[in-house]
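The values are calculated or read from the model by the stated rules, or taken from the named source; none is laboratory data. This is a predicted model, so every value here is computed, not measured. Every residue, glycine as well, gets a Cβ built from its backbone with ideal geometry; the counts of neighbours run over all protein chains shown. For the accessible areas, the whole protein counts, side chains as well, though only heavy atoms, and no ligand, DNA or RNA atoms are used. Shrake-Rupley method; radii C 1.70, N 1.55, O 1.52, S 1.80 Å.
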Amino acid sequence: MSMSALQFFLAASAGLTGDLAAGLAKVGYGMAAIGPGIGIGYLVGQSVQAMARQPEMAGQVRTTMFLGIAFAEALALIGFVLFFL
Amino acid sequence: MEFAVPAPSTDRIESTIAHDLARKAVIVAPVLLVGIGVWRGLDAVLGALVALVIVVVNFLVAARVLGWTARVAPHALTGVALMSFLVRLGIITAVGAGIKALDVVDWPVFCFTLVGSYFLLLFWELRSVSLTLAYPGLKPRPGHHEE
């Protein structure tokens, strides 16, 4: 009988010892922080470029930038919650 | 890179948004805490309260840091945004680990309130900001309901 990848993963996860599971959770949390980091870097870089091109729009650009950063950070918070749960 | 001096109205725009978020959190908090208290008890109320405080303080600190950098040194904005993100995430992780180690709050409620209130406040603020940007002459005011 063949075992699907998901079934294999679940079976392997269930057999993990406490230390290994905790270590994997830490790696997962670290990886969850990478995505928002890339997103924030790109977002702020584009915002700085926009402010340099059109200084009169700085207000709108900074508003959108701040909300975008907050949304990107939400992903890291989800990683934090999943790490501790 | 030369930057023109921004218009005076943009001086503290991040702080304005963050204070608006904090005001909305104060509006939401009593309902949320009473509901959670009835459902899960005092430990859960404490967990939800701590989560709400963390969310609001995170917004206020981010706004202060980003606003100050955008005004004083816009060329350093990317670096400051990334470092501030890492520092704030580290502080939140440390606080979360401390709270979990102390075992004084309802942990699942703390986690779900942290993420849930963050998204709730953010989408609420996004709605206000979107309306303001789309219709600058019709800024939403307290008690104003648009169709």
Within segment A:35-64, residues within 7 Å of chain B (Cβ to nearest Cβ), β-branched (Val, Ile, Thr) and either in contact with a strand residue (DSSP E or B) (Cβ under 6 Å, 6 or more places away or on another chain) or closer than 13 Å to residue B:70 by Cα (or both) come out as A:44, A:48, A:63
Here the residues within segment B:21-55 that are more than 17 Å from residue B:112 (Cβ to Cβ) and either buried (at least 19 other Cβ atoms within 10 Å of the Cβ) or touching a residue at least 12 places away in the same chain (Cβ under 8 Å) (or both) are B:21, B:22, B:24
When segment B:92-123 is checked residue by residue, the ones that are more than 10 Å from chain A (Cβ to nearest Cβ), open to solvent by 60 Å² or more (accessible area, probe 1.4 Å) and under 15 Å from the mean Cα position of the chain (by Cα) are B:120
Original post:
Is there a residue being under 17 Å from the mean Cα position of the chain (by Cα) and within 12 Å of another protein chain (Cβ to nearest Cβ) anywhere in segment B:20-39?
Top reply: yes
Just one listed residue, out of A:45, A:68, is over 12 Å from the mean Cα position of the chain (by Cα), within 20 Å of residue B:120 (Cβ to Cβ) and at pLDDT 90 or above, and it is A:68
- Would you be able to say whether some residue in segment A:65-82 is at the interface with another protein chain (Cβ under 8 Å from one of its Cβ atoms), open to solvent by 30 Å² or more (accessible area, probe 1.4 Å) and closer than 21 Å to residue B:94 by Cβ? yes
Here the residues within segment B:62-91 that are open to solvent by 30 Å² or more (accessible area, probe 1.4 Å) and either among the aliphatic types (A, V, I, L, M) or within 19 Å of the chain's Cα centre (by Cα) (or both) are B:64, B:65, B:68, B:72, B:76, B:80, B:82, B:83, B:86, B:87, B:90, B:91
